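What follows is a set of notes on a single structure, which appears directly below.
The values are calculated or read from the model by the stated rules, or taken from the named source; none is laboratory data. A quick note: this is a predicted structure, and the numbers were derived from the prediction, not measured. Positions of Cβ are backbone-derived with ideal geometry, glycine not excepted, and every protein chain shown enters the neighbour counts. Keep in mind that these areas ignore ligands, DNA and RNA; they rest on the heavy atoms of the full protein, side chains included. Shrake-Rupley method; radii C 1.70, N 1.55, O 1.52, S 1.80 Å.
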Amino acid sequence: MHDATRDISAYEEISLVEEFAADVLQGLSLPKKYLPPKYFYDGRGSKLFEAICLTPEYYVTRTEHNILCRNADSIVAKLPKDASLVEFGSGNSSKTRLLIEALLRRSRSLKYHPIDISSSALASSASELLQHYPSLEVRTIHAEYFDGMESLSTITKGPKLILFLGSNIGNFEPAEAVNFLREIRTRMNPEDRLLVGVDMVKDLAVLEAAYNDAEGVTAEFNLNLLRRINCELDGNFDLDAFRHLALFNPAKSRIEMHLESLVDQTVSIKSIDKEFMFARGETIHTENSYKYTEDKLAGLFVDAGLERSEQWSDEHRYFTVNLLSPKR
Ligand code: AVI
(Lines give C-alpha, C1' and ligand atoms only; values in the text may rest on other atoms or scores of the structure.)
Protein backbone atom coordinates (compact mmCIF):
# COMPACT_ATOMS: atom_id res chain seq x y z
CA MET A 1 0.00 0.00 0.00
CA HIS A 2 1.26 3.42 -0.95
CA ASP A 3 2.28 5.69 1.94
CA ALA A 4 -0.25 8.36 1.10
CA THR A 5 -3.20 6.07 1.65
CA ARG A 6 -4.74 5.11 4.94
CA ASP A 7 -6.55 1.81 4.80
CA ILE A 8 -9.70 1.87 6.93
CA SER A 9 -10.47 -1.80 7.39
CA ALA A 10 -13.76 -3.15 8.67
CA TYR A 11 -12.29 -6.62 8.41
CA GLU A 12 -10.52 -9.02 10.71
CA GLU A 13 -8.87 -11.88 8.84
CA ILE A 14 -9.85 -14.46 11.47
CA SER A 15 -13.52 -13.57 11.57
CA LEU A 16 -13.46 -13.53 7.75
CA VAL A 17 -12.58 -17.23 7.54
CA GLU A 18 -15.10 -18.06 10.24
CA GLU A 19 -17.80 -16.14 8.40
CA PHE A 20 -16.90 -17.89 5.14
CA ALA A 21 -17.15 -21.28 6.88
CA ALA A 22 -20.53 -20.37 8.44
CA ASP A 23 -21.93 -19.12 5.12
CA VAL A 24 -20.72 -22.23 3.26
CA LEU A 25 -22.24 -24.50 5.91
CA GLN A 26 -25.53 -22.64 5.79
CA GLY A 27 -25.71 -22.32 1.99
CA LEU A 28 -24.80 -25.93 1.19
CA SER A 29 -27.26 -27.23 3.81
CA LEU A 30 -30.25 -25.58 2.11
CA PRO A 31 -32.62 -27.75 0.04
CA LYS A 32 -31.60 -25.55 -2.91
CA LYS A 33 -27.87 -25.16 -2.42
CA TYR A 34 -26.52 -21.62 -2.48
CA LEU A 35 -23.21 -19.79 -2.04
CA PRO A 36 -23.10 -15.98 -1.62
CA PRO A 37 -21.47 -14.18 -4.58
CA LYS A 38 -19.37 -11.95 -2.32
CA TYR A 39 -16.97 -14.90 -1.99
CA PHE A 40 -16.05 -14.69 -5.68
CA TYR A 41 -13.69 -11.84 -4.91
CA ASP A 42 -10.51 -13.24 -3.42
CA GLY A 43 -7.29 -12.16 -5.16
CA ARG A 44 -7.71 -14.72 -7.97
CA GLY A 45 -11.45 -14.02 -8.33
CA SER A 46 -10.87 -10.27 -8.58
CA LYS A 47 -8.34 -10.85 -11.36
CA LEU A 48 -10.79 -13.19 -13.14
CA PHE A 49 -13.51 -10.55 -12.86
CA GLU A 50 -11.17 -8.01 -14.48
CA ALA A 51 -10.60 -10.54 -17.27
CA ILE A 52 -14.38 -11.01 -17.68
CA CYS A 53 -14.70 -7.25 -18.18
CA LEU A 54 -12.34 -7.52 -21.15
CA THR A 55 -14.11 -10.41 -22.90
CA PRO A 56 -15.89 -9.46 -26.13
CA GLU A 57 -19.19 -10.89 -24.85
CA TYR A 58 -19.31 -8.89 -21.58
CA TYR A 59 -20.71 -5.64 -23.05
CA VAL A 60 -21.46 -4.28 -19.54
CA THR A 61 -18.08 -2.72 -18.70
CA ARG A 62 -17.33 -1.54 -22.22
CA THR A 63 -20.72 0.11 -22.65
CA GLU A 64 -20.61 1.89 -19.31
CA HIS A 65 -17.04 2.98 -20.02
CA ASN A 66 -18.11 4.52 -23.33
CA ILE A 67 -21.05 6.32 -21.72
CA LEU A 68 -18.78 7.78 -19.04
CA CYS A 69 -16.14 8.66 -21.61
CA ARG A 70 -18.63 10.70 -23.62
CA ASN A 71 -20.35 12.34 -20.65
CA ALA A 72 -17.86 12.68 -17.79
CA ASP A 73 -17.61 16.45 -18.17
CA SER A 74 -21.41 16.93 -18.19
CA ILE A 75 -21.72 14.68 -15.15
CA VAL A 76 -19.19 16.57 -13.04
CA ALA A 77 -20.52 19.92 -14.24
CA LYS A 78 -23.54 19.27 -11.99
CA LEU A 79 -21.33 19.24 -8.87
CA PRO A 80 -19.73 21.91 -6.69
CA LYS A 81 -16.03 22.46 -7.57
CA ASP A 82 -14.77 21.12 -4.24
CA ALA A 83 -16.70 17.82 -4.44
CA SER A 84 -14.86 14.66 -3.39
CA LEU A 85 -15.43 11.21 -4.80
CA VAL A 86 -16.66 8.13 -2.91
CA GLU A 87 -17.07 4.80 -4.65
CA PHE A 88 -18.83 1.61 -3.57
CA GLY A 89 -17.45 -1.58 -5.14
CA SER A 90 -14.57 0.20 -6.81
CA GLY A 91 -12.65 -2.90 -7.98
CA ASN A 92 -9.75 -1.70 -10.10
CA SER A 93 -11.28 1.80 -10.51
CA SER A 94 -10.72 1.83 -14.27
CA LYS A 95 -13.96 3.64 -15.17
CA THR A 96 -13.53 5.94 -12.21
CA ARG A 97 -10.45 7.40 -13.89
CA LEU A 98 -12.73 9.10 -16.41
CA LEU A 99 -14.52 10.93 -13.59
CA ILE A 100 -11.31 11.61 -11.68
CA GLU A 101 -9.85 13.24 -14.79
CA ALA A 102 -13.01 15.28 -15.39
CA LEU A 103 -12.99 16.47 -11.75
CA LEU A 104 -9.27 17.29 -11.90
CA ARG A 105 -9.89 19.38 -15.02
CA ARG A 106 -12.02 21.64 -12.81
CA SER A 107 -10.06 21.73 -9.60
CA ARG A 108 -6.42 21.23 -8.65
CA SER A 109 -6.88 18.52 -6.05
CA LEU A 110 -9.34 15.75 -5.33
CA LYS A 111 -10.07 13.29 -2.54
CA TYR A 112 -11.09 9.77 -3.57
CA HIS A 113 -12.50 7.19 -1.13
CA PRO A 114 -12.90 3.75 -2.71
CA ILE A 115 -14.86 1.19 -0.65
CA ASP A 116 -14.34 -2.45 -1.63
CA ILE A 117 -14.50 -5.97 -0.28
CA SER A 118 -11.26 -6.94 -2.04
CA SER A 119 -8.16 -5.66 -0.25
CA SER A 120 -5.93 -6.69 -3.17
CA ALA A 121 -8.01 -4.72 -5.70
CA LEU A 122 -8.04 -1.70 -3.35
CA ALA A 123 -4.29 -1.76 -2.77
CA SER A 124 -3.29 -2.13 -6.40
CA SER A 125 -5.76 0.43 -7.72
CA ALA A 126 -4.78 2.97 -5.02
CA SER A 127 -1.10 2.77 -5.84
CA GLU A 128 -1.73 2.96 -9.60
CA LEU A 129 -3.99 5.99 -9.18
CA LEU A 130 -1.47 7.77 -6.97
CA GLN A 131 1.25 7.24 -9.54
CA HIS A 132 -0.95 8.59 -12.31
CA TYR A 133 -2.51 11.54 -10.52
CA PRO A 134 -0.09 13.26 -8.12
CA SER A 135 -2.74 15.73 -6.92
CA LEU A 136 -5.13 12.94 -5.95
CA GLU A 137 -5.55 11.92 -2.32
CA VAL A 138 -6.72 8.32 -1.91
CA ARG A 139 -8.19 6.89 1.30
CA THR A 140 -9.17 3.26 0.85
CA ILE A 141 -11.95 1.68 2.87
CA HIS A 142 -11.79 -2.10 3.05
CA ALA A 143 -15.35 -3.10 3.87
CA GLU A 144 -18.57 -4.64 2.66
CA TYR A 145 -21.10 -2.19 1.27
CA PHE A 146 -23.25 -1.82 4.37
CA ASP A 147 -20.28 -1.49 6.74
CA GLY A 148 -18.64 0.97 4.36
CA MET A 149 -21.84 3.01 4.43
CA GLU A 150 -21.04 4.19 7.95
CA SER A 151 -17.98 6.00 6.68
CA LEU A 152 -20.12 8.11 4.28
CA SER A 153 -21.02 10.52 7.05
CA THR A 154 -17.54 10.62 8.59
CA ILE A 155 -15.01 10.73 5.75
CA THR A 156 -15.82 14.18 4.52
CA LYS A 157 -18.01 17.10 5.50
CA GLY A 158 -17.97 18.69 2.05
CA PRO A 159 -20.05 17.82 -1.02
CA LYS A 160 -19.47 14.44 -2.62
CA LEU A 161 -20.22 12.43 -5.71
CA ILE A 162 -20.99 8.85 -4.66
CA LEU A 163 -20.42 6.23 -7.34
CA PHE A 164 -22.14 2.88 -7.61
CA LEU A 165 -21.12 1.72 -11.06
CA GLY A 166 -20.77 -1.49 -13.05
CA SER A 167 -24.38 -2.54 -12.41
CA ASN A 168 -23.31 -3.80 -9.00
CA ILE A 169 -26.86 -2.83 -8.00
CA GLY A 170 -27.98 -5.81 -10.14
CA ASN A 171 -26.40 -8.27 -7.72
CA PHE A 172 -28.84 -7.19 -4.98
CA GLU A 173 -32.32 -8.65 -4.68
CA PRO A 174 -34.77 -5.86 -5.70
CA ALA A 175 -35.84 -5.20 -2.09
CA GLU A 176 -32.19 -5.09 -0.97
CA ALA A 177 -31.44 -2.65 -3.78
CA VAL A 178 -34.12 -0.27 -2.47
CA ASN A 179 -32.81 -0.67 1.04
CA PHE A 180 -29.20 -0.05 0.02
CA LEU A 181 -30.03 3.09 -1.96
CA ARG A 182 -32.24 4.32 0.87
CA GLU A 183 -29.39 3.88 3.35
CA ILE A 184 -27.13 5.94 1.09
CA ARG A 185 -29.86 8.53 0.67
CA THR A 186 -30.22 9.03 4.45
CA ARG A 187 -26.50 9.83 4.61
CA MET A 188 -26.52 12.29 1.71
CA ASN A 189 -26.42 16.05 2.21
CA PRO A 190 -28.64 18.12 -0.11
CA GLU A 191 -25.69 19.00 -2.40
CA ASP A 192 -24.39 15.40 -2.67
CA ARG A 193 -25.06 13.38 -5.82
CA LEU A 194 -25.23 9.64 -6.46
CA LEU A 195 -24.26 8.13 -9.82
CA VAL A 196 -25.63 4.63 -10.45
CA GLY A 197 -24.75 2.43 -13.46
CA VAL A 198 -27.50 -0.06 -14.34
CA ASP A 199 -27.64 -2.90 -16.85
CA MET A 200 -30.93 -2.96 -18.75
CA VAL A 201 -33.12 -5.82 -20.07
CA LYS A 202 -32.16 -6.69 -23.64
CA ASP A 203 -32.08 -9.46 -26.19
CA LEU A 204 -31.75 -12.87 -24.50
CA ALA A 205 -28.86 -13.99 -26.70
CA VAL A 206 -26.83 -10.87 -25.84
CA LEU A 207 -27.53 -11.31 -22.11
CA GLU A 208 -26.70 -15.01 -21.96
CA ALA A 209 -23.55 -14.68 -24.09
CA ALA A 210 -22.20 -12.09 -21.63
CA TYR A 211 -22.22 -14.72 -18.87
CA ASN A 212 -21.03 -17.60 -21.10
CA ASP A 213 -17.93 -16.16 -22.77
CA ALA A 214 -16.29 -18.46 -25.32
CA GLU A 215 -12.93 -18.35 -23.56
CA GLY A 216 -14.47 -19.73 -20.35
CA VAL A 217 -13.34 -16.90 -18.06
CA THR A 218 -16.77 -16.61 -16.41
CA ALA A 219 -16.80 -20.38 -15.90
CA GLU A 220 -13.40 -20.12 -14.15
CA PHE A 221 -14.69 -17.23 -12.03
CA ASN A 222 -17.70 -19.28 -10.95
CA LEU A 223 -15.66 -22.44 -10.26
CA ASN A 224 -13.17 -20.34 -8.27
CA LEU A 225 -15.70 -20.45 -5.42
CA LEU A 226 -15.16 -24.20 -5.09
CA ARG A 227 -11.40 -23.77 -5.37
CA ARG A 228 -11.59 -21.25 -2.52
CA ILE A 229 -13.52 -23.70 -0.34
CA ASN A 230 -10.87 -26.35 -1.08
CA CYS A 231 -8.00 -24.01 -0.17
CA GLU A 232 -9.44 -22.10 2.76
CA LEU A 233 -11.77 -24.64 4.34
CA ASP A 234 -9.96 -27.86 3.44
CA GLY A 235 -12.62 -29.09 1.03
CA ASN A 236 -12.24 -31.77 -1.63
CA PHE A 237 -14.42 -30.44 -4.47
CA ASP A 238 -13.39 -32.01 -7.80
CA LEU A 239 -13.58 -28.98 -10.09
CA ASP A 240 -13.94 -31.23 -13.15
CA ALA A 241 -17.09 -32.74 -11.66
CA PHE A 242 -18.98 -29.42 -11.78
CA ARG A 243 -19.83 -27.13 -14.67
CA HIS A 244 -20.70 -23.46 -14.95
CA LEU A 245 -24.29 -22.58 -15.92
CA ALA A 246 -25.67 -19.11 -16.66
CA LEU A 247 -29.24 -18.58 -17.84
CA PHE A 248 -31.64 -15.65 -18.07
CA ASN A 249 -34.76 -16.10 -15.92
CA PRO A 250 -37.32 -13.82 -17.66
CA ALA A 251 -39.92 -14.11 -14.86
CA LYS A 252 -37.42 -12.61 -12.42
CA SER A 253 -35.57 -10.49 -14.95
CA ARG A 254 -32.20 -11.85 -13.89
CA ILE A 255 -29.23 -13.85 -15.07
CA GLU A 256 -28.74 -16.75 -12.69
CA MET A 257 -25.36 -18.39 -12.29
CA HIS A 258 -25.12 -21.94 -10.98
CA LEU A 259 -22.55 -24.70 -10.61
CA GLU A 260 -24.01 -28.00 -11.78
CA SER A 261 -22.84 -31.35 -10.43
CA LEU A 262 -22.02 -33.63 -13.37
CA VAL A 263 -22.25 -36.84 -11.32
CA ASP A 264 -23.71 -38.18 -8.07
CA GLN A 265 -21.02 -37.31 -5.55
CA THR A 266 -20.17 -36.54 -1.93
CA VAL A 267 -17.90 -33.65 -1.04
CA SER A 268 -16.27 -33.24 2.33
CA ILE A 269 -15.23 -29.96 3.93
CA LYS A 270 -12.88 -30.74 6.81
CA SER A 271 -12.80 -27.40 8.59
CA ILE A 272 -16.53 -27.58 9.25
CA ASP A 273 -16.46 -31.36 9.63
CA LYS A 274 -19.24 -31.88 7.08
CA GLU A 275 -20.06 -33.94 4.00
CA PHE A 276 -22.47 -32.74 1.33
CA MET A 277 -24.22 -35.00 -1.19
CA PHE A 278 -24.79 -33.82 -4.74
CA ALA A 279 -27.08 -35.59 -7.17
CA ARG A 280 -26.15 -35.50 -10.86
CA GLY A 281 -27.75 -32.35 -12.32
CA GLU A 282 -28.15 -30.68 -8.91
CA THR A 283 -26.90 -27.09 -8.81
CA ILE A 284 -25.40 -24.62 -6.38
CA HIS A 285 -26.92 -21.19 -7.05
CA THR A 286 -24.04 -18.72 -6.94
CA GLU A 287 -25.25 -15.37 -8.28
CA ASN A 288 -28.17 -13.32 -9.53
CA SER A 289 -27.63 -10.38 -11.82
CA TYR A 290 -30.83 -8.38 -12.19
CA LYS A 291 -31.52 -6.51 -15.41
CA TYR A 292 -33.83 -3.49 -15.18
CA THR A 293 -36.54 -2.08 -17.42
CA GLU A 294 -36.90 1.71 -17.38
CA ASP A 295 -40.17 1.37 -15.41
CA LYS A 296 -38.63 -0.84 -12.74
CA LEU A 297 -35.62 1.45 -12.50
CA ALA A 298 -37.72 4.59 -12.08
CA GLY A 299 -39.71 2.77 -9.35
CA LEU A 300 -36.51 1.75 -7.58
CA PHE A 301 -35.29 5.33 -7.35
CA VAL A 302 -38.68 6.64 -6.18
CA ASP A 303 -38.90 3.93 -3.51
CA ALA A 304 -35.41 4.85 -2.30
CA GLY A 305 -36.33 8.54 -1.94
CA LEU A 306 -34.07 9.64 -4.79
CA GLU A 307 -34.77 12.07 -7.58
CA ARG A 308 -33.16 11.48 -10.96
CA SER A 309 -31.89 14.62 -12.56
CA GLU A 310 -30.31 13.04 -15.61
CA GLN A 311 -29.75 9.73 -17.38
CA TRP A 312 -27.13 8.82 -19.98
CA SER A 313 -27.22 5.74 -22.19
CA ASP A 314 -25.74 4.11 -25.31
CA GLU A 315 -27.27 3.78 -28.78
CA HIS A 316 -28.82 0.35 -27.97
CA ARG A 317 -29.95 1.35 -24.47
CA TYR A 318 -28.00 -1.63 -23.16
CA PHE A 319 -26.87 0.32 -20.11
CA THR A 320 -27.85 3.50 -18.27
CA VAL A 321 -25.92 5.84 -15.98
CA ASN A 322 -28.22 7.73 -13.63
CA LEU A 323 -27.51 10.90 -11.63
CA LEU A 324 -29.56 11.15 -8.46
CA SER A 325 -30.10 13.58 -5.64
CA PRO A 326 -31.85 13.10 -2.29
CA LYS A 327 -35.55 13.93 -2.62
CA ARG A 328 -36.47 16.97 -0.60
C1 AVI B 1 -20.12 -7.39 -10.43
N2 AVI B 1 -21.34 -7.71 -11.18
C3 AVI B 1 -22.04 -6.51 -11.60
C4 AVI B 1 -21.14 -8.67 -12.27
C5 AVI B 1 -22.49 -8.94 -12.98
O6 AVI B 1 -22.53 -8.79 -14.20
O7 AVI B 1 -23.47 -9.25 -12.30
C8 AVI B 1 -20.56 -9.97 -11.77
C9 AVI B 1 -20.40 -11.01 -12.84
N10 AVI B 1 -20.74 -12.27 -12.74
C11 AVI B 1 -20.43 -12.88 -13.85
N12 AVI B 1 -19.97 -12.03 -14.72
C13 AVI B 1 -19.91 -10.83 -14.11
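Results, tabulated for the structure shown:
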quantity	calculated
Relative packing of peptides 250-256, 232-238, 93-99 - highest average C-beta neighbours within 10 Å first	93-99, 232-238, 250-256
Whether the chain is rounded, prolate or oblate, judged on the alpha carbon gyration tensor where a/c under 1.5 counts as rounded	prolate
Euclidean distance between Cα centres, the range 271-313 to the range 34-50, Å	16 Å
Under 16 Å from the R105 label point (7 Å along Cα→beta-carbon), backbone N, the range 285-328	none
16 Å reach of a label modelled at D82, 7 Å along Cα-to-Cβ, counting backbone N of the range 140-179	155-161
Anchor K33: lysines whose Cα lies under 25 Å away (excluding residues fewer than 8 positions away in-chain)	K252, K270, K274, K291
Label-zone membership for the range 70-109, site K157, 7 angstrom Cα→C-beta point, backbone N under 16 Å	82-84
Residue-averaged 222 nm ellipticity for the chain, from DSSP H runs of 4+ at -39500 (n - 2.57), nearest 500	-12000 deg cm²/dmol
Share of carbon and sulfur in the accessible heavy-atom surface of the chain [1.4 Å probe, %]	51 percent
Listed peptides 168-174, 72-78 by packing density, highest first (mean Cβ within 10 Å)	168-174, 72-78
Pair L262, F146: separation of 7 Å Cα→Cβ label points (nm)	3.8 nm
Using a Förster distance of 22 Å, the FRET efficiency for L30-E173 (Cβ separation, nearest 0.05)	0.90
Ranked by how many other beta carbons lie within 10 Å on average, peptides 188-196, 283-291, 20-28 from highest	283-291, 188-196, 20-28
Partner lysines for K160 [C-alpha distance under 23 Å; skip if fewer than 8 residues away on the same chain]	K78, K81, K95, K111, K327
Difference of contour (0.36 nm per residue) and Cα-Cα distance, N249 to R280	9.0 nm
Dipole magnitude of the chain, debye to nearest 20 (Cβ charges: Lys/Arg +1, Asp/Glu -1, about Cα centre)	1320 debye
